[in-house]
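Input: a single structure, listed below in structure tokens.
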Amino acid sequence: MLKRLILPPFLIAAVTVISFQLQGCSTDEIINAVTKNEVTAKDRLDSANAQATRTYGPNTKLVLIMGKNVLANGKTEISLINSISDPSSIGAWLYVYRVPADTSLRIYTPNPLPTATDCIELTALFNTNQLLSLIQDTSARGLISGALDLIISTDLSISTTPSALINSDASMSLSFSTSPVIKFNDNFIPASSTMNGSKFFQTGTNQTRNMILIPAAGTLGLPAFITELSGFPLDLWIVQYNKTNTSNQSESLILGTVVSSGQVMGIPSLGLSSTVINLSKYVNE
């Protein structure tokens, strides 16, 4: 199981969108639209769910939500798509679905047109490695790559209902300010940590944030290795903080937060409980 979770770096590739299709409005409308709207992950989730289900059937399942270049308030800015031929440039939410009829994924992103409340479909072919564009070089990268591999190759999906799911702004707030958080070392020995987003961003430049909602149970496999870990949720919000440190090197901190109100993870023997777990095992305090 551990080998499945840890993948060598040379297997990690950049995102490549092989094909895409826009639905609901024309390319000219998108390119000509100049709009700046900030939205949380849940602001367009119902729309994406409805569109995916209507197009591909009731058994279509949400498997991931990804947010690139998320603002400090847990929102992304919907703005003019400068190059529609390069979907990786979209600084917005991506809602990723598995369709029962085939093995490819369907992807939706918020429609940037003024007053729009729907989503645009980006029909593209992705694989496990390609989805890792949001995860920079960090000890957590192999862990999450193994989780993504399982999501693509199995029937796992997001099980938390939209109504119960805390929004991206709430998750961002937890990851930024919660202290202490749960951490673990290379041997999966847990401990208490004060490293959160606020402390991580006290230094450094080029600070950015990405987010992923992932089916955690059965993918990250943490309870199997941290046997004392209790309350590990079925799904997990993952927040990645990136910066250029004082040595002019890229550095990341990846934190996982609970996804529903009232959820708490814990290490009973340490008397430790937290809504946040640090997946970056080697980040210095």
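The values are calculated or read from the model by the stated rules, or taken from the named source; none is laboratory data. No experiment lies behind these values; they were computed from the predicted model shown. Here the Cβ is made from the backbone with ideal geometry for all residues, glycine too, and neighbour counts use every protein chain on show.
Some notes on this structure:
- Residue among I214, I189 that alone is closer than 27 Å to S159 by Cα and either surrounded by fewer than 19 Cβ atoms within 10 Å (Cβ to Cβ) or under 15 Å from the mean Cα position of the chain (by Cα) (or both): I214
- Long-range neighbours under 8 Å by Cβ, at least six apart or interchain, first residue closer than 14 Å to M66 by Cβ and small (G, A, S) within the stretch 90-107, second assigned to a loop (DSSP other than H, G, I, E, B) and modelled with pLDDT under 85: G91/K68; G91/N69; G91/S79; A92/K68; A92/P112
- Matching residues, the stretch 253-279, being of a type in the set (G, A, S) and either crowded, with 21+ Cβ neighbours inside 10 Å or not assigned by TED's automatic domain parsing to the domain that holds N206 (or both): G256, S274
- Residues located in the stretch 196-210, provided they are touching a residue at least 24 places away in the same chain (Cβ under 8 Å) and either in contact with a Leu (Cβ under 6 Å, 6 or more places away or on another chain) or not in a strand (DSSP E or B) (or both): N196, G197, F200, F201, T203, G204, N210
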